[in-house]
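**Student:** Can you keep this structure in mind? I'll have questions shortly.
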Amino acid sequence: MTHRLAVLISGAGTNLQAILDHITAGELPATVSLVVSNRADANGVAVARQAGLPVAVIDHREYPDRAAFDAAMIERIDAHGADTVALAGFMRILSPGFVRHYQGRLINIHPSLLPLYPGLNTHARALEAGDAEHGCSLHFVTDQLDGGPLIARASVPVLTNDSVETLSKRVQQQEHRLYPRVLRWRAEGRLQLTDQGVELDGEPLPATGMQIDAPA
């Protein structure tokens, strides 16, 4: 049975597009069963509809609290089936109930080399700190903000003339390589979250995840 992905977005949908491109190229043996956005005007919604994907726009402002909003998402995601739920620029903090419901199936991409710079404005923070390298991280989601067990990271050098925009663009290029590769591991049944931590091909990954900087 084909591995089913639910992809949650709030913005441009560039990682969603990268996932779709890898599926089309035969490099990711999966299907996107549902795209969820909390914003009707998110460009990623147009990306999903252009690809003919099922889309659920669930506006968080229409719900009394986070738990009610998350319950609505769970209902729609489960109705379409999801072996993996991929957060791809989804800008809402998830409730513990949502995280528990998809424990071991919920993956997020974050634009920093975690555990550095959880939260927002990661590129500016890396520049302000004078870091020599920056990058992105894939991790299983827990109820700790950007603090779940790491799966993989990809880094880029920080150049002396970098701005937030130039650094962000290079990190995003790494995101577009890294996310489909990690999802391929999931689709092939190679990547699991166990009580002992993250395992790839039955072997534990280091706490910092796998470093993947060379082209896949």
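**Student:** Among the residues of the range 12-69, write down those that are among the small types (Gly, Ala, Ser) and either under 17 Å from the mean Cα position of the chain (by Cα) or on the phi > 0 side of the Ramachandran plot (or both).
**Tutor:** The answer is Ala12, Gly13, Ala18, Gly26, Ala30, Ser33, Ser37, Ala42, Gly44, Ala48, Gly52.
**Student:** For the range 131-162, name all the residues that are touching a residue at least 12 places away in the same chain (Cβ under 8 Å) and more than 26 Å from Val99 (Cα to Cα).
**Tutor:** Listed by number, the residues that qualify are Asp131, Ala132, Glu133, His134, Ser155, Val156, Pro157, Val158, Asp162.
**Student:** Could you tell me which residue of the range 31-73 is surrounded by the most Cβ atoms within 10 Å (Cβ to Cβ), considering only residues that are closer than 23 Å to His101 by Cβ and of a type in the set (Lys, Arg)?
**Tutor:** Checked the range 31-73; the qualifying residue surrounded by the most Cβ atoms within 10 Å (Cβ to Cβ) is Arg39.
**Student:** Something else now. Please go through the range 19-57 and give me each residue that is under 21 Å from Val182 (Cα atoms), in contact with a Lys or Arg (Cβ under 8 Å, 6 or more places away or on another chain) and in a helix (DSSP H, G or I), ordered by number.
**Tutor:** Residue satisfying the conditions is His22 alone.
**Student:** With the condition kept exactly as written, say whether any residue in the range 41-54 is touching a residue at least 24 places away in the same chain (Cβ under 8 Å) and β-branched (Val, Ile, Thr).
**Tutor:** Yes: one or more hits.
**Student:** So for the range 55-71 (the condition being small (Gly, Ala, Ser), without any contact (Cβ under 8 Å) to a residue 40 or more places away in the chain and touching a strand residue (DSSP E or B) at 6+ places or on another chain (Cβ under 8 Å)), does at least one residue qualify?
**Tutor:** Yes, because at least one residue in the range 55-71 is small (Gly, Ala, Ser), without any contact (Cβ under 8 Å) to a residue 40 or more places away in the chain and touching a strand residue (DSSP E or B) at 6+ places or on another chain (Cβ under 8 Å).
**Student:** Can Arg186 be described as of a type in the set (Lys, Arg) and without any contact (Cβ under 8 Å) to a residue 40 or more places away in the chain?
**Tutor:** no
**Student:** In the range 157-211, what residues are β-branched (Val, Ile, Thr), surrounded by 16 or more Cβ atoms within 10 Å (Cβ to Cβ) and out of contact with any Ser or Thr (no Cβ under 9 Å at 6 or more places or on another chain)?
**Tutor:** Scanning the range 157-211 gives Val158, Val182, Val198.
**Student:** Which one is farthest from Ser155 (Cα to Cα), of the residues in the range 88-111 that are touching a His at 6+ places or on another chain (Cβ under 9 Å) and modelled with pLDDT of 95 or more?
**Tutor:** Within the range 88-111, the match that is farthest from Ser155 (Cα to Cα) is Ile107.
**Student:** What's the number of the only condition in (1) over 30 Å from Gln196 (Cα atoms); (2) out of contact with any His (no Cβ under 8 Å at 6 or more places or on another chain) that Pro54 fails to meet?
**Tutor:** Unmet for Pro54, out of (1) over 30 Å from Gln196 (Cα atoms); (2) out of contact with any His (no Cβ under 8 Å at 6 or more places or on another chain): (2).
The values are calculated or read from the model by the stated rules, or taken from the named source; none is laboratory data. What you see is a predicted model; the values in this text were computed from it and never measured. Cβ coordinates were reconstructed from backbone atoms using ideal geometry, including for glycine residues, and neighbour counts include every protein chain displayed.
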